[in-house]
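Reviewing the structure listed below.
The values are calculated or read from the model by the stated rules, or taken from the named source; none is laboratory data. All values reported here derive from a predicted model rather than from experimental measurement. Methodologically, a virtual Cβ is constructed for each residue, glycine included, from the backbone with ideal geometry; neighbour enumeration extends over all protein chains shown. The area values use the complete protein model at the heavy-atom level, side chains included, leaving out ligands, DNA and RNA. Shrake-Rupley method; radii C 1.70, N 1.55, O 1.52, S 1.80 Å.
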Amino acid sequence: MAAPSVMLFPVKDGFVGRGTRFKDKEYYQTINLFDKELNKQKELNSLLVATRGGGKINILSRSLAYQSYKDKIYISGKRGLSIDVLDSSGKKMSTISKADYQPRKFTSEDEATMRREMKKGNPRQYEAIKKRLVFPEYYPDILNMFFANDKLYVATWKWKQDKIEFFVFSPEGKLLKHRYIPFKFMDGLQPYPAAIMNDKLYQLIENEDTEEWELHINPIQ
């Protein structure tokens, strides 16, 4: 049996979800098609994360976002702001794309922020790997994607102050909206849990002053 995925979405008689793969000294994160018993059937996408034995560790090199909808699989494309649409067997049917999209530049200030957050979260681990970390020239085009109310919501790594960029597409790829929506991260890499329903973004955020969890709701108008 395959190792359970971090997050599974149903597709026909199985699921699409995350997995891992090792090849020689290389460690990959993967997106896989699983059967109903969680046996891996097909690898749909992969990302080289690290090389074992003291090799490099890639930070934010590419997106591995994915969703399922009406027995189709939507998965981030190989390059650019693009989403490949696959059938339930993993065969590519079409691509949704924003050809003129320009990703956000990754700056030295961004690297300093992420290193600071990593050190804060696990100082011992950070000290052990800090010289192996490799940061990109640009952020990935896609942060995450959501399906709700027969619409595909695509979040990018671009933001203005406390708002993040969203593109809203029809399932066939027609661009319906382009908005910036309030959105918060736990640290430089990990957003707080989020979901979309009825053109509203719901995000569960910890109040650092009260140490209580709060549900923030913002319309996507």
Checking the structure you have, find out if any residue of region 184-206 is among the acidic types (Asp, Glu) and outside any loop (DSSP other than H, G, I, E, B). yes
Pick from region 103-136 the residues that are surrounded by 15 or more Cβ atoms within 10 Å (Cβ to Cβ) and of a type in the set (Asp, Glu): which of them is nearest to residue 56 (Cα to Cα)? 111
Could you say whether any residue in region 155-169 is open to solvent by 50 Å² or more (accessible area, probe 1.4 Å), under 18 Å from the mean Cα position of the chain (by Cα) and under 30 Å from residue 13 (Cα atoms)? no
Based on this model, can you work out whether residue 18 counts as modelled with pLDDT of 90 or more, of a type in the set (Lys, Arg) and within 28 Å of residue 138 (Cβ to Cβ)? yes
Determine the pairs where a residue that is under 17 Å from residue 7 (Cβ atoms), located within region 194-208, has a partner that is assigned to a loop (DSSP other than H, G, I, E, B) with Cβ atoms under 8 Å apart, the partner being 6 or more residues away or on another chain. 194/183; 196/220; 203/183; 203/184; 203/192; 203/193; 204/192; 204/193
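Have a look at 126, 153 and point out the one that is part of a helix (DSSP H, G or I) and among the aromatic types (Phe, Trp, Tyr). Working first, answer last.
Working: 153 fails: part of a helix (DSSP H, G or I).
Of 126, 153, the one residue that is part of a helix (DSSP H, G or I) and among the aromatic types (Phe, Trp, Tyr) is 126.
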Among the numbered conditions (1) open to solvent by 30 Å² or more (accessible area, probe 1.4 Å); (2) under 26 Å from residue 16 (Cα atoms), tell me where residue 146 comes up short. (1)
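Please find, within region 30-65, the residue that is surrounded by the fewest Cβ atoms within 10 Å (Cβ to Cβ) out of those that are of a type in the set (A, V, I, L, M, F, W, C) and in contact (Cβ under 8 Å) with a residue 60 or more places away in the chain. Outline the logic, then answer.
Our first condition is that a residue be of a type in the set (A, V, I, L, M, F, W, C); within region 30-65, this holds for 31, 33-34, 38, 44, 47-50, 57, 59-60, 64-65.
Adding the requirement that they be in contact (Cβ under 8 Å) with a residue 60 or more places away in the chain leaves 50, 57, 59-60, 65.
Details: 50: 19, 57: 15, 59: 18, 60: 18, 65: 20.
Result: 57.
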